[in-house]
Amino acid sequence: MNLVHFPASISGPEGTYALFTEKPEVAVVFVHGFLGDPRKTWYNFQGLVDELQASYHVWGRSDLFFYSYPSRGQIKPLAEQFREFLDQTFPRHGRNQQFYPPPQRPQGYALPSGRMMTVPTKQSSPYKLLILVGHSTGAVIIREAILQEIRPLTAEQINNATGNNAFIINALLRFFAPAHRGAMCSGLIGALLHLSVSEWLLALMLYSNPLFVSLQKGSPVLEDIKKETEELQDKFPNISALKAISLFGAKDSIVYIGKYKADVDCPTEPNQTHTSICKPSKDYFRPLEFVIDGISARTASL
Amino acid sequence: MALVQERQVSNLIFFLRDRWQFVCQDAAASEKNIFLSQEYLSCAVLESFFWLDLGVQTTYFPKPEARRVTYEYFPQFLKAYEHIQEKLLIQKFSPPLQRILDSEFSGRTELFSLTEGVNNLPEETLIPLQAVLLLGNGFARDRDTQTITDSLVFKSTPEWNDVMREFKEVNEKAKPGSKRFVQARDAMSSTVLKIVQYMECFRDLLLDFDKATNVSESRRTADTATLKQRIKEIQAWQLDFRERLVFDRFLEFLQLALELWGHGAKDGPIEHRTRITPAIVRAVRVLMTDWGAPPLALEVGAS
């Protein structure tokens, strides 16, 4: 049980970072929700992917990217920025335009004397799979980004996608407490007092956050994303990035529990809340299992 | 990157990029820094040094490269050390940390030779250590939490009252829903949220530390207990609730943030004031005990 992943700063919005491994085959990108954070929201994926690698060996072959964005602005521009990050992070090489780990791994640091501290660059292989993991509004940003990716393509391009498009539209989507069916903004804080204190504070703030309120059930933004995604799900049933698997806590009091037509249904987690649902611990392994669930079927060597 | 040494160098490079370069930039411009006091910046520089030292003692960082980094930035470290000595702030750090400073900056011993009980740890402890560092770096470079920490710990009473006066005025005079009101309310509550989330994550991390992945076996040892203690000590200066002044200020800030929410509370102002605010304050108060606050029962005088 040793450290498998090593942390690295990567280009992208302030706070974005990655955990790289020696021979990655899978890239997992985490997108937090409003008022979330790329470190605390996903805590402790960062440690448990190494500590539990004997049980979940796929994590040992996965690079983890923790995307950060400010909790302001609308879904569309936030999704555009996220796509820009994906484009920058995964450079394409070779005849098949395959996606490689970013050039920042490994990285260097210039000391005041001008001396450079570096580690040698190693030859790396392209990723075989991309998993996009979203929490709360992070999931909505991912869904909008997928639509932006697909919109300009013809049916033929979608079905025979290569290069950039192939990597993203064949991604797997794993959502924790997604806000894609709407946010609850009318709840009473007094009803939440059995939950953790950060959950109350988050609810207090989200219930009056203008952007979050704009994602209430029936909001035009959410309705448009749902309608367009479901139409595409019907037309392209084999495109994995159109179908999500979502995991909700039975005690969620921030978003409505629900899925899109062709999404995969998943039982709720009995004791989990909106924020605890995506935080694995040594007493709660489900988030670790959930993200990589079914990957072996997609990538035989894994 | 199969070699252990390469992995260690990579860890160090990330530490420098993720924490040190921000601390160093702020400290280098400390005289002109309008956000943070020199006291705060000096403690932040020394905290970085303690992480560097802990990383070396646990073999997370490579000793030769960590020494090189220390030599290159020695003027900053020394300036910070001298500043906290001059301002009598050395007590902000625990006795083992004080001994490390004394040893490392005295020039009497080889750099990183004083282990203070943290050495030869099992390699598996590097996993939670890396997770702690990731979490701690995020907290340390957040401007909102930096500013409030500085105010809580280092501002004089008149300066602190000035900070709070503005928020109190908003609470008493600004129209709920006005731009001024919303800005003040959101600024205060997002800061409180960040601190509370951090305290929660940190508590969970320490609880998880001893649990083996096989739940029937605990891996609690004297070594991990020492490591946990050191991790707590290194960060303790930021939210030092052992100090009555810091303790009282944080609760004052929290109460006021909650009062601002009470104006537009859907639960109703009375419910908010009589049930919600006390419940939230009590829950935060429990979290504060991990950071040196006395147990809740002691404070209320329960037997």
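Of all residues in the stretch B:191-201, those satisfying the criterion of being under 15 Å from residue A:34 (Cα atoms) and either in contact with a Lys or Arg (Cβ under 9 Å, 6 or more places away or on another chain) or more than 7 Å from chain A (Cβ to nearest Cβ) (or both) are B:191, B:194, B:197.
The single residue among A:281, A:276 that is within 27 Å of residue A:60 (Cβ to Cβ), under 17 Å from the mean Cα position of the chain (by Cα), open to solvent by 20 Å² or more (accessible area, probe 1.4 Å) and hydroxyl-bearing (Ser, Thr, Tyr) turns out to be A:276. Contact annotation: residue pairs with Cβ atoms under 8 Å, 6 or more positions apart or on different chains, pairing a residue in the stretch A:158-185 that is at pLDDT below 85 with a partner that is part of a strand (DSSP E or B) and surrounded by fewer than 18 Cβ atoms within 10 Å (Cβ to Cβ), are A:163/A:92; A:164/A:92; A:184/A:216; A:185/A:216. Filtering the stretch B:238-247 for residues that are in a helix (DSSP H, G or I), polar (S, T, N, Q) and out of contact with any Pro (no Cβ under 6 Å at 6 or more places or on another chain) leaves an empty set.
Do we have any residue at all in the stretch B:30-42 that's more than 10 Å from chain A (Cβ to nearest Cβ), among the β-branched types (Val, Ile, Thr) and in a loop (DSSP other than H, G, I, E, B)? Yes, the stretch B:30-42 contains a residue that is more than 10 Å from chain A (Cβ to nearest Cβ), among the β-branched types (Val, Ile, Thr) and in a loop (DSSP other than H, G, I, E, B). Of the helices (runs of 4 or more DSSP H) lying entirely inside the stretch B:123-222, those carrying at least 1 residues that are among the small types (Gly, Ala, Ser) and over 18 Å from the mean Cα position of the chain (by Cα) are B:179-209.
If only one of A:17, A:67, A:43 is touching a residue at least 24 places away in the same chain (Cβ under 8 Å), open to solvent by less than 10 Å² (accessible area, probe 1.4 Å), at the interface with chain B (Cβ under 10 Å from one of its Cβ atoms) and aromatic (Phe, Trp, Tyr), which one is it?
None of the other options fit; the residue is A:17.
Listed by position, the helices (runs of 4 or more DSSP H) inside the stretch A:125-233 whose residues that are closer than 21 Å to residue B:194 by Cβ number at least 1 are A:137-150, A:197-206, A:210-213. Among the residues of the stretch B:44-75, just one is closer than 15 Å to residue B:104 by Cα and outside any helix (DSSP H, G or I), namely B:73. Determine whether the stretch B:249-260 contains at least one residue that is more than 8 Å from every other protein chain (Cβ to nearest Cβ), under 30 Å from residue B:230 (Cβ atoms), in contact with a Pro (Cβ under 6 Å, 6 or more places away or on another chain) and modelled with pLDDT of 80 or more. Checked the stretch B:249-260: no residue is more than 8 Å from every other protein chain (Cβ to nearest Cβ), under 30 Å from residue B:230 (Cβ atoms), in contact with a Pro (Cβ under 6 Å, 6 or more places away or on another chain) and modelled with pLDDT of 80 or more. Each residue in the stretch B:147-179 was checked for being within 14 Å of another protein chain (Cβ to nearest Cβ) and touching a residue at least 24 places away in the same chain (Cβ under 8 Å), and 2 pass. Within the stretch B:76-114, if we keep just the residues that are part of a helix (DSSP H, G or I) and of a type in the set (A, V, I, L, M), the residue that is surrounded by the most Cβ atoms within 10 Å (Cβ to Cβ) turns out to be B:80. I'm checking my understanding of the structure. Among residues of the stretch A:46-64 that are of a type in the set (D, E, K, R) and more than 10 Å from chain B (Cβ to nearest Cβ), which one is nearest to residue A:145 (Cα to Cα)? This residue is A:63. Of all residues in the stretch B:101-124, those being within 14 Å of another protein chain (Cβ to nearest Cβ) and over 11 Å from residue B:57 (Cβ atoms) number 3.
Residue-level check: of (1) modelled with pLDDT of 95 or more; (2) under 17 Å from residue A:29 (Cβ atoms), residue A:240 misses just (1). Going through (1) farther than 19 Å from residue A:48 by Cα; (2) not in a loop (DSSP other than H, G, I, E, B) one by one, residue A:271 falls short only on (2). In the stretch B:8-22, the count of residues that are at pLDDT below 95, open to solvent by 40 Å² or more (accessible area, probe 1.4 Å), not in a helix (DSSP H, G or I) and not assigned by TED's automatic domain parsing to the domain that holds residue B:143 is zero. In the set (1) away from every other protein chain (no Cβ under 14 Å); (2) modelled with pLDDT under 95, residue A:37 fails one condition alone, (1).
The values are calculated or read from the model by the stated rules, or taken from the named source; none is laboratory data. Since the model is a prediction, treat every value here as computed from it, not as a measurement. Here the Cβ is made from the backbone with ideal geometry for all residues, glycine too, and neighbour counts use every protein chain on show. Protein only, heavy atoms only, side chains kept; ligands, DNA and RNA dropped before computing areas. Shrake-Rupley method; radii C 1.70, N 1.55, O 1.52, S 1.80 Å.
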